[in-house]
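Novice: Here you go, one structure.
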């Protein structure tokens with residue numbers, strides 16, 4: 001599969017982590033990767049969910065990257 005960066009205008013990625021710091025790190029790494037193909041962050045949505053059975057926290061985020 002060949003991806004042509006000049007044709008890529010929008011990209012949405014989803015992230016999940018067990019801590020907020022880990023989630024931030026994953027998103028930061030992906031921002032750097034996407035800057036290489038000229039995509040910038042357009043919108044970020046995040047959420048904290050707690051598993052009722054285990055009490056474990058799940059941090060999730062959706063990041064919309066867009067060519068500016």
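Novice: Report which label in (i) 1.04; (ii) 1.09; (iii) 1.30 holds the value of Cα Rg over 2.2 N^0.38 Å derived from the coordinates of this structure.
Specialist: (iii)
Novice: Compute the angle between helix 20-35 and the longest alpha-carbon principal axis of the chain, please, reported from 0 to 90 degrees and rounded to the nearest 10.
Specialist: Long axis of 20-35 versus the principal axis of the chain: about 10 degrees.
Novice: Any chance you could check the Cα centroid distance between segment 9-30 and segment 37-68 for me, in angstrom?
Specialist: 6 Å
Novice: Evaluate the relative contact order of the chain (contact order divided by residue number), counting alpha-carbon pairs under 8 angstrom at least 6 apart; express in whole percent.
Specialist: Value for the chain: 44 percent.
Novice: When a footprinting reagent is the concern and you count Cβ atoms within 10 Å, what order do 63, 44 take, fewest first?
Specialist: 44, 63
Novice: In segment 51-68, which residues have a backbone nitrogen under 13 Å from the label point lying 7 Å from residue 18's Cα in the Cα-to-Cβ direction?
Specialist: 55-59
FYI, it's all coordinate maths here, none of it is from the lab. Since this is a predicted model, take the numbers as computed values, not measurements. Positions of Cβ are backbone-derived with ideal geometry, glycine not excepted, and every protein chain shown enters the neighbour counts.
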